[in-house]
């Protein structure tokens, strides 16, 4: 399974958080997570949002095997291609 979300106010978007929290179980499912964001550094919300996604998925029994952060304002095509290559090899 792959979950993706925008970063919202330096955190996981509320809609994605609500969606993940309504899933009854991800027991033993392989999961990859990615976020998109506009600010240039991963520390401006990207890392926090990924951490939040990982925590929810793990709490539901999922096994997080990959993550990525796509910065929408600079180099996004390269980051998207890297994400596709990375996630394509882990599943």
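Yes or no: residue 50 in a loop (DSSP other than H, G, I, E, B), surrounded by 14 or more Cβ atoms within 10 Å (Cβ to Cβ), out of contact with any helix residue (DSSP H, G or I) (no Cβ under 7 Å at 6 or more places or on another chain) and at pLDDT 95 or above?
Values: in a loop (DSSP other than H, G, I, E, B): no; surrounded by 14 or more Cβ atoms within 10 Å (Cβ to Cβ): yes; out of contact with any helix residue (DSSP H, G or I) (no Cβ under 7 Å at 6 or more places or on another chain): yes; at pLDDT 95 or above: yes.
Here the answer is no, as residue 50 does not meet what is asked.
Those residues that are within 15 Å of residue 32 (Cβ to Cβ) and touching a residue at least 12 places away in the same chain (Cβ under 8 Å), I need them from the range 74-91; list them, please.
Going through the range 74-91, the residues within 15 Å of residue 32 (Cβ to Cβ) turn out to be 79-80, 82-91.
The answer is 82, 83, 86, 87, 90, 91.
Name every residue in the range 14-47 that is in a helix (DSSP H, G or I) and either crowded, with 16+ Cβ neighbours inside 10 Å or in contact with a helix residue (DSSP H, G or I) (Cβ under 8 Å, 6 or more places away or on another chain) (or both), in order of residue number. Full working, then the answer.
Restricting attention to the range 14-47, the residues satisfying the condition of being in a helix (DSSP H, G or I) are 14-21, 46-47.
16, 17, 20, 21, 46, 47, listed by residue number.
Between a first residue in the range 39-58 that is within 12 Å of residue 11 (Cα to Cα) and a second residue that is part of a helix (DSSP H, G or I), which pairs have beta carbons less than 8 Å apart while being 6 or more apart in sequence or on different chains?
52/17; 53/16; 53/20
Starting from the range 5-20, keep only residues that are on the phi > 0 side of the Ramachandran plot, then list their pairs with residues that are in a loop (DSSP other than H, G, I, E, B) and surrounded by fewer than 16 Cβ atoms within 10 Å (Cβ to Cβ) whose Cβ atoms are within a distance under 9 Å, requiring at least 6 positions of separation or different chains.
As it stands, the answer is 10/39; 10/44, since those pairs meet every condition given.
Can you tell me which residues in the range 55-85 are within 16 Å of residue 1 (Cβ to Cβ) and crowded, with 16+ Cβ neighbours inside 10 Å?
56, 57, 60, 62, 64, 66, 67, 68, 83
The values are calculated or read from the model by the stated rules, or taken from the named source; none is laboratory data. Just so we're clear, the structure is a prediction, and the values are computed from it rather than from any experiment. Neighbour counts run over all protein chains shown; Cβ positions are idealised from the backbone, glycine included.
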